[in-house]
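A quick write-up on the structure given underneath.
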Amino acid sequence: MTLVNDIFSLKGRTAVVTGAASGLGREFAYALASAGADVALIDINADGLNETAQRIRGVGRLAFPYTADVSDEAQVAATFQDLLMTVGRLDILINNAGVADLSQRKIHEYSATDWRRMIDINLNSVFYCSREALKLMNSQKSGKIINIASIWGLVGGGFITAAAYTTTKGAVVNLTREMALEYAPHGIQINAICPGFHRTALGDFDDPDLAKLIISHTPASRIACAEELRGTIIYLASSASDFMCGSIIVVDGGFLAQ
Ligand SMILES: NC(=O)c1ccc[n+]([C@@H]2O[C@H](COP(=O)([O-])OP(=O)(O)OC[C@H]3O[C@@H](n4cnc5c(N)ncnc54)[C@H](O)[C@@H]3O)[C@@H](O)[C@H]2O)c1
């Protein structure tokens, strides 16, 4: 008989986490390792990557840090080629790397260069990394891809002005559905998480005015910690979610329920 805990185990699995040098990505990598996975880590921040790798080794798992820019198609292809030769198989990909834009510029004030940069980092990277992972997962006939979108992928910006960011996250939500439909028949489950406000380096969460504004819009009346997404990531990465394809899980303290 399978014990309930066993369905959440990631023993023997290999994962890749992008944006793993800080914030949510670091927590995702740590959670996967704590559940038994070895983890390849990708980020542009080499020092942060090494800190995450140390945490993973601290729980007895293997960590493989790769310094690379996920918005660069050639770097992604070279990184995956290298890491797949090293790790041999790939069970889990977390497309997490991303940037925000706190400038509050409206669309008529936005430069095309900044617009394209946001799309390259937050959206095109998901395509580049998923494509490399799916080449292997498709031949394995198994795998899990988890895209990190945002509450701002399901609604417009409201009290924030960040059209480029919300546009990329909305696209990640529908890319998740498209990928899920294409690969569900091949034993690969692809889902997304839409986090609400979690304290990381992404936003200026220590600004008292911003914190007050966020809290006033969040029924749970607080900003969450990055650790609070550990359970959701393990659920989506493990066999506990084997019948979930194209689902969008919201973890937002009630923000979107209003
Ligand atoms: N923190 C939140 O409240 C929140 C809410 C919703 C969604 N998200 C999403 O979660 C993801 C992680 O963000 P976070 O909050 O942990 O922020 P963070 O800034 O702490 O982490 C983002 C990581 O991505 C890396 N990164 C950025 N551009 C990269 C690139 N081109 N190539 C490789 N790595 C790159 C950064 O170096 C950093 O380590 C993002 O996609 C973000 O949009 C965060």
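The values are calculated or read from the model by the stated rules, or taken from the named source; none is laboratory data. Remember, it's a predicted structure, so these values are computed and weren't measured experimentally. As a convention, Cβ positions derive from the backbone with ideal geometry for all residues, glycine included, and neighbour counts pool all protein chains shown. Side chains are part of the model used for accessible areas, which takes the heavy atoms of the whole protein and leaves out ligands, DNA and RNA. Shrake-Rupley method; radii C 1.70, N 1.55, O 1.52, S 1.80 Å.
Here is how the numbers come out for the structure above:
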| item | result |
| --- | --- |
| Heavy-atom accessible surface of segment 4-253: percent carbon and sulfur, 1.4 Å | 53 |
| Estimated distance in nm for a label pair at residue 138 and residue 51, the labels positioned 7 Å out from Cα along Cα-to-Cβ | 3.8 |
| Accessible surface, segment 4-253, averaged per residue in Å² (probe 1.4 Å) | 44 |
| Angle in degrees between helix 163-183 and the longest Cα principal axis of the chain, rounded to the nearest 10 | 30 |
| Non-local Lys pairs in segment 4-253, i.e. 8 or more apart or on different chains, that have alpha carbons under 30 Å apart | 10 |
| FRET E, pair residue 155, residue 131, Förster distance 35 Å, beta-carbon r, rounded to 0.05 | 0.75 |
| Within the chain, helix-based [θ] at 222 nm, where runs of 4 or more DSSP H residues each add -39,500 (n - 2.57), nearest 500 | -12500 deg cm²/dmol |
